[in-house]
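Asks: This structure is in structure tokens; I'll ask about it shortly.
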Amino acid sequence: MKKLILLILLIVLQSGSLLAGTIHGFVREKANKEPVIMGNVWIKDTNIGTTTNMKGYYVLPTLSPGTYQVCFRYIGFKTEIKNVTIINGDDLTLDAELEVEAIQMQDVVVEAERDKRELDIKPSQIAMQVPQLMKIPAVVEADLFRSLQMLPGVATLSDFSAGLYVRGGSPDQNLILLDHIDVYNPNHMFGFFSTFNTDAVKSVELLKGGYPSQYGGRLSSVLNVVNKEGNREEFQGVARLSLLSASTTLEGPWKHGSWMVSGRRTYLELAEKLANFDLPYYFYDGHAKFNWDIDPNNQASISFYAGNDVLDLSSGGTDIKLDWGNKTFSSQWTHLFSSRLFSHFVFAGSRFDSDTKVKFDEVEFGIKNQVSDVALKGMLTYTPTSNHSMDFGFETKFVDFDLKYRVVDTDYLNSFEGNYNCLFLQDNYRITPLTILQTGIRVDHYTDGNYVRFDPRVSLKRIITDEINVTASTGRYHQFLNLVQQGGMSFADMWFPVDKTFKPGKADHYILGFNYDNKRTFAISLEGYYKKYLNIAEYRTYRAADEDIENQTAAQNFLSGTGNAYGMDVYLRNNLWKFEGWLGYSLAWTKKQVDNFNYGLEYYPTYDRRHTFTLIEDYRLSKKWRLNIAFKYGSGQPYTEATARYAVADQEGRIYNKTLDGKMNFYRLPDYHRLDIGLFYNTHLMFTKLPMEAYIQIINVYNHKNVWFRDYDLAKNPAEVEDFSQIPFLPTFGYTIHF
């Protein structure tokens, strides 16, 4: 009887499957055949719909026989509507190509950026395309990290730091991916710029917390950067010249796909020679990607990135050599096992090198840090019905860390290696037409210490109306490596993995969100969050006199503690009265408590800011002229104030004054605020038809003296406070040529 009942159920289910049809395909931009990422696809006048994935693929399964109107939509592009008829059991391929909407000078009515029919839930997500990044006034030139710092929930230390401090997390707690491979230290110019050339980037996705189970290994956030695939229709390029650097990006088709190459280099050392000022420093970076469209069910690509910073300075018998940079490769294969089973496999590698050498009177000191990893990943999505999908996959990674100290011509070596493995499963289910539940589990294993960690994730989305929805999310996250930050000098940052002496960091996220989108002129997102940290690492600054600096353990370099971060973010996007942009506000608290650090007392880290307000607006004056404005306000950051001074004598009897620090980070620097404006003019290059954009930008328009750090002049009695300022009033200009 049991076998008979089971057979009947299988027959019923199979018959339903035979009657149901499926529509699937790829959505691309018509002009260049680049994939449309997170575009909306839905069947008109129904609740059936989805979004395209990172390759532009979508699937609409289990459709009853009939005729449907399939709508394709992405912000900035015209909506495409196609009619299709399904007969019993049809599996139809329906690709779409979207055209860019023409610029209009009248008030523009835009549809929702995100349709509410998708199954996946990504709380705290902000997705940006390159044109949005280019509209933000920049210091000298557009920069990815500088743009992200203008988003609510993303803090920064100063104008001179491109580090991302996301909702109370430090930069090492961010998982930064370039074409699905880790980038460990994505900074140029001592942390002033990021390593990503915006012209080579297709899209940027920032997940500020509560991210799904396909991501792991970090405690705070995920930054997913995808390189352009290249124009499949025609050869094209862009060249930029700014006060800092020159860059070129080229792309085009080949017989079975597309390609893209991009390069950038500074010319500061040439300008310094003309100014009779010696600072032999430069950086360069390059991106390349090659795509092969094998057949309708298979696509492959391989991409590379290389970037380096070099300083070689000799003065007064002292030689200083600094050399640091990243190199990555990523080979990807996308395969459709069936219309409902999408797969994406990645074999990739990444390396970060940092080499610092100081030579004085023929005596050499230095430190060299190298992080290498090779990874294999598989990510699959199965969509059995329009109300149910599953994401599952694996990752295995070999990681090698090398650290070498050179002290008075003697080398001290430290080597660490381990294997990181994980499995993840995520289920997306529409409980009712208006309620979506996403559950997931990630299992991590790290060999050095034989750590096994289980990370459950749960998210719930409730659609109130076509314009309003609320979300709730919670999840657990672990991290198996830590960063030693060297006083803001990002090139000297050193990575250490956990081992049997130091447990992995752990964080629990709790997020509650409210979203409103009127589908015409503005949308608002409000999120409250709470994060609880365990086993977080604080660098151990003191050393015993007889402590060996060779063959170190993690416990020798870090102290373990707890912490919490909580607050709320408000993100308002607008497209109204020729203004396009956003307004952001963050209210945040971050606290830590570490054993044997700050006497075991709770303290605020230096990146704790209570209030942050940002405003970005782009105003089109005419078809050729546009104006953009960026304003940022941040309440004062914590600092440690000196309470007294005292004198000490060295072995030769010389007297030095030193400060006696008070309670750690108990005081606050003055508030930060800065206004930047930019004016852009679109025309054609002289005597040609090549489009060109010239611009002039003014950074810190009213020349506000924002305090970078506070020091003391101990030569005076009483000692005087000395404040060191950040970027002053700074005009910049440049131009861009498209060809």
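The values are calculated or read from the model by the stated rules, or taken from the named source; none is laboratory data. The structure presented is a predicted model; accordingly, all values stated were derived computationally and were not measured. Positions of Cβ are generated from backbone atoms using ideal geometry, with glycine treated the same way; all protein chains shown enter the neighbour counts.
Asks: Would you pick out the residues in the stretch 231-263 that are surrounded by 24 or more Cβ atoms within 10 Å (Cβ to Cβ) and over 22 Å from P186 (Cβ atoms)?
Replies: Answer for the stretch 231-263, where residues must be surrounded by 24 or more Cβ atoms within 10 Å (Cβ to Cβ) and over 22 Å from P186 (Cβ atoms): just E251.
Asks: Only residues that are at pLDDT below 95 and among the aromatic types (F, W, Y): list them for the stretch 453-477, please.
Replies: Across the stretch 453-477, there are no qualifying residues.
Asks: Criterion first (farther than 25 Å from A719 by Cα and either at pLDDT 95 or above or surrounded by 13 or more Cβ atoms within 10 Å (Cβ to Cβ) (or both)) does K624 satisfy it?
Replies: no
Asks: Before we move on, is K228 surrounded by fewer than 21 Cβ atoms within 10 Å (Cβ to Cβ), more than 25 Å from D608 (Cβ to Cβ) and not hydrophobic (A, V, I, L, M, F, W, C)?
Replies: no
Asks: Also: Is it the case that K327 is more than 28 Å from the chain's Cα centre (by Cα), on the phi < 0 side of the Ramachandran plot and assigned to a strand (DSSP E or B)?
Replies: When the stated conditions are applied, K327 does not pass them.
Asks: Would you confirm, using the coordinates I've provided, whether N450 is at pLDDT 90 or above, exposed (fewer than 13 other Cβ atoms within 10 Å of the Cβ) and over 27 Å from Y530 (Cα atoms)?
Replies: Yes; evaluated as a whole, the condition is true for this residue.
Asks: Continuing with the same structure: Within the stretch 699-732, how many residues are without any contact (Cβ under 8 Å) to a residue 40 or more places away in the chain, in contact with a Ser or Thr (Cβ under 8 Å, 6 or more places away or on another chain) and crowded, with 16+ Cβ neighbours inside 10 Å?
Replies: Of the residues in the stretch 699-732, 1 are without any contact (Cβ under 8 Å) to a residue 40 or more places away in the chain, in contact with a Ser or Thr (Cβ under 8 Å, 6 or more places away or on another chain) and crowded, with 16+ Cβ neighbours inside 10 Å.
Asks: So how many residues does the stretch 267-323 have that are touching a strand residue (DSSP E or B) at 6+ places or on another chain (Cβ under 9 Å), modelled with pLDDT of 85 or more and among the acidic types (D, E)?
Replies: Summing the residues that are touching a strand residue (DSSP E or B) at 6+ places or on another chain (Cβ under 9 Å), modelled with pLDDT of 85 or more and among the acidic types (D, E) in the stretch 267-323 gives 4.
Asks: How many residues does the stretch 192-211 hold that are surrounded by 23 or more Cβ atoms within 10 Å (Cβ to Cβ) and either assigned to a loop (DSSP other than H, G, I, E, B) or modelled with pLDDT under 85 (or both)?
Replies: 9
Asks: Something else now. Kindly indicate whether D595 is crowded, with 16+ Cβ neighbours inside 10 Å, closer than 30 Å to I367 by Cβ, of a type in the set (D, E, K, R) and touching a Ser or Thr at 6+ places or on another chain (Cβ under 7 Å).
Replies: When the stated conditions are applied, D595 does not pass them.
Asks: Here's another thing I want to ask about it. Listed residues D444, D391, D427; which is assigned to a strand (DSSP E or B), at pLDDT 90 or above and more than 30 Å from N469 (Cβ to Cβ)?
Replies: The unique qualifying residue is D444.
Asks: Can you work out which of the residues in the stretch 170-196 that are touching a Pro at 6+ places or on another chain (Cβ under 9 Å) and of a type in the set (A, V, I, L, M, F, W, C) is nearest to R265 (Cα to Cα)?
Replies: If we take residues in the stretch 170-196 being touching a Pro at 6+ places or on another chain (Cβ under 9 Å) and of a type in the set (A, V, I, L, M, F, W, C), then F196 is nearest to R265 (Cα to Cα).
Asks: Okay, moving on. I need the full set of residues from the stretch 362-388 which are in a strand (DSSP E or B) and of a type in the set (D, E, K, R), in order please.
Replies: E364, K368, D373, K377
Asks: Tell me which residues, restricted to the stretch 358-394, are under 23 Å from I176 (Cβ atoms) and of a type in the set (G, A, S).
Replies: S372, A375, G378, G393
Asks: Spot the failing condition for N419; the list is (1) modelled with pLDDT of 90 or more; (2) surrounded by 15 or more Cβ atoms within 10 Å (Cβ to Cβ), and only one is missed.
Replies: Every listed condition holds for N419 apart from (2).
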